[in-house]
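Q: Supplied in structure tokens, the structure appears directly below.
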Amino acid sequence: MSRVHVIGGGLAGLSAAVELAPQASVTLYEAGPVCGGRARSFYDKALDTEIDNGNHMLLSANPYTFRYLDLLGARSTLKGPGGPLFPWFDLVDNKAWSLRLSPGRIPFWLLNTQRRVPGMTLKEVWALQRLMKADDDATVAECLSGGAFSRRLLEPLAVSALNTDVAHGSAHLLGNVVRRTLAQGGRACCPWMAAHGLSESFVAPALRFLEMYHASIRTGTRVSALKQEAGRVVGIETSSGAVELGREDFVILAVPAPVAASLLPGLETPDQFESIANAHYRVTSGIKPRGVVAEAGFVGLVGGVAEWVFLHDTVLSVTVSAANRYNERSQEEMLATIWGEVRRALDPILEVPLPKEMPPARLIREKRATFAATPEQNRKRPGAATSCINLALSGDWTDTGLPATIEGAIQSGLTAVSALGFRSAVAESV
Ligand SMILES: Cc1cc2nc3c(=O)[nH]c(=O)nc-3n(C[C@H](O)[C@H](O)[C@H](O)COP(=O)(O)OP(=O)(O)OC[C@H]3O[C@@H](n4cnc5c(N)ncnc54)[C@H](O)[C@@H]3O)c2cc1C
């Protein structure tokens, strides 16, 4: 039986390992104490509860992610409104509205002023066409029209999907997202989130699946070098010793871009990154929203610092993407500003208003949350195949055609599996 060494226990590595486990003997090397990488849950002492490093939202148009969850029996660990519903609040004029897309490809919702973006004109919708036809050099800003449709929908969509501001973000990458989501109609745009935590949805079920196939999971094992000879990887140096590889051994490198570049000198990878900040507030009295926010479980904000507010039973979690622009702001300042914005947006629809005084809170800044999704960085993304016959690359930063997302990471794991000649869902669906 072939042996496959998967290096990196984030979602790309887990996706590859899960796909391979029924076909090969799999060993997974993860440097950290637990798997999950940039999508993980942990117990936070200050808040005395389990939180995710960052809120993650998925759309129904993420076929490889839902296939992964189905394989692991974990789809039921997600929650969402069950339809294409997005409540919004504009902090500039205190305007609340809901975007309710029509399910099919004909966008009837655009004709209904109660379901579309307030203040928009139909002419502005051409921006979607410009994004889908954008060439590799275009930025998102060059495709937008400047009206309410852009300010209240496309800009927030771009910043959260690309994790890059619209002045620098790649229109081509955003166009790929639009083609799979808005252009397909509401059925492709239903939002989903982990009901109890990222690890419970994406990590623990994968580890149970791998155990079932007797895969070896080596957490706390950092790979420090790959020994190559005559176009093959012949050895792996790890923090717990060296591993010699033979003719039946294959390697999938599923580590972040800077680590891949250090293990494979000469490999070109994205080298600029954007941060994401997540503010978590522990609200002991319980959060009881009314109306569409209760239905959706989240609300999108425009016109301030906070972008997405996720409502859990006793924790409010707020996402701020493309957060390098706030590097100079202190933790206290960020937490206080965001708390003020959240109270303005939520108090009108909560049964019990939020306390004026900020509750215990935690700001997590993931400094290298994703590569900066600019046209220039997008061109630096390598494919899965390498010059070594038994080595393939995986990770959200490889050339998936998508921004750095869960779907991109899971897809990249499958692509690496097929690049090594094993069966994978990517090869089957081509
Ligand atoms: C705060 C935040 C919010 C996000 N929000 C969303 C969202 O809403 N929707 C969405 O789709 N995506 C979102 N993303 C992106 C998503 O989390 C990532 O695209 C995805 O998790 C990347 O997975 P990966 O396996 O490619 O990389 P990683 O998760 O980085 O995994 C790489 C793994 O390799 C390990 N490793 C590193 N070096 C070594 C070594 N030398 N030896 C062994 N192991 C090593 C690391 O510890 C890590 O576990 C978000 C990301 C962040 C940070």
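Q: Which angle from 0 to 90°, rounded to the nearest 10, does the C-alpha axis of helix 171-180 make with the longest principal axis of the chain?
A: For 171-180 against the chain, the angle is about 80 degrees.
Q: Counting other Cβ atoms within 10 Å, which GluC sites (Glu not before Pro) in the stretch 255-330 have at most 13 and lie in a DSSP loop?
A: 268, 328
Q: Something else: Using only the alpha carbons, work out the radius of gyration and Dmax of the stretch 340-430 in angstrom.
A: Expressed in Å, the Cα Rg and Dmax of the stretch 340-430 come to 20.9, 61.
Q: To the nearest 10 degrees, how steep is helix 406-419 against the longest Cα principal axis of the chain, on a 0 to 90 scale?
A: Approximately 20 degrees, to the nearest 10.
Q: Determine, at each q value in 0.10 (inverse angstroms), the log₁₀ of I(q)/I(0) that the Debye formula gives when each Cα of the stretch 1-122 is one equal point scatterer.
A: Ignoring solvent entirely, the Cα scatterers give -0.55.
Q: Zone of residue 290 (label point 7 Å along Cα→Cβ, backbone N under 18 Å): which residues in the stretch 298-336?
A: Taking a point 7 Å out along Cα→Cβ of residue 290, the residues of the stretch 298-336 whose backbone N falls under 18 Å are 298-299.
Q: When the chain is fully extended, how far beyond the present Cα-Cα distance does residue 376 get from residue 229, taking 0.36 nm per residue of separation?
A: 49.7 nm
Q: Let me ask something else about it. Taking the simple approach of a point 7 Å from Cα along Cα-to-Cβ for both residue 23 and residue 196, what is their distance in nm?
A: Roughly 3.2 nm, to one decimal.
Q: With a cap of 12 neighbouring Cβ atoms within 10 Å, and only residues DSSP puts in a loop, list the trypsin sites (Lys or Arg not before Pro) found in the stretch 9-111.
A: Sites meeting the loop and neighbour criteria: 45, 105.
Q: Moving to a separate point now. Which lysines does residue 95 reach when only Cα atoms under 30 Å apart count, and residues fewer than 8 places away in its own chain are ignored?
A: Qualifying lysines at Cα under 30 Å: 79, 123, 288, 356.
Q: At q = 0.07, 0.09, 0.13 Å⁻¹, what is the base-10 log of I(q)/I(0) for the chain according to the Debye formula with one equal point scatterer per Cα and no solvent? Please give it to two decimals.
A: These q points yield log10 I(q)/I(0) values of -0.34, -0.57, -1.16.
Q: While we're here: Quick check: net charge around residue 355, other residues with Cβ under 12 Å of its Cβ, Lys/Arg +1 and Asp/Glu -1?
A: Once all neighbours under 12 Å are counted, the net charge is +1.
Q: Let me ask you something else. What residue among 78, 101, 391 has its Cα farthest toward the positive end of the dipole of the chain, where the charges are +1 on Lys, Arg and -1 on Asp, Glu, each on the Cβ?
A: 101
Q: Which FRET efficiency value, to the nearest 0.05, is calculated for residue 179 and residue 357 with the Förster distance at 41 angstrom and r the Cβ-Cβ distance?
A: 0.35
Q: Give me D for the stretch 102-188 in µm² s⁻¹, whole number, from Stokes-Einstein with Rh from the Kirkwood sum over alpha-carbon pairs, 10 °C and 1.306 mPa s.
A: 123
Q: What distance in nm lies between label points placed 7 Å from Cα along the C-beta direction at residue 112 and residue 94?
A: Label-label distance for residue 112 and residue 94, simple model: 2.8 nm.
Q: Which order do 334, 212, 1, 358 fall in if you start with the one that has the fewest other Cβ atoms within 10 Å?
A: Ordered by Cβ neighbours within 10 Å, fewest first: 1, 212, 358, 334.
Q: Continuing with this model, one more query. Can you tell me the order of 85-93, 259-267 when each peptide is scored by its average per-residue count of other Cβ atoms within 10 angstrom, highest first?
A: 85-93, 259-267
Q: For labels at residue 187 and residue 268 in the simple 7 Å Cα→Cβ model, what's the distance in nm?
A: 4.1
Q: Residue-wise, which Karplus ³J(HN,Hα) couplings in Hz belong to the stretch 232-249, taking 6.51 cos²θ - 1.76 cosθ + 1.60, θ = phi - 60°, and x for glycine or proline?
A: These are the phi-based 3J(HN,Hα) values: 9, 7, 10, x, 10, 8, 10, 5, 10, x, 8, 10, 8, 10, x, 5, 9, 9 Hz.
Q: Using the 10 angstrom Cβ neighbour count as an exposure proxy, how do 29, 213 rank, fewest first?
A: 213, 29
Q: Loop only per DSSP, at most 11 neighbouring Cβ atoms within 10 Å: give me the trypsin sites (Lys or Arg not before Pro) in the stretch 197-302, ordered by residue number.
A: Passing sites in the stretch 197-302 are 247, 290.
Readers should treat all values here as calculations from the given coordinates under stated rules, not as data from a laboratory. Please read all numbers here as calculations on a predicted model, not as lab measurements. Ideal geometry is used to build each Cβ from the backbone, glycine not excepted, and the neighbour counts take in all protein chains shown.
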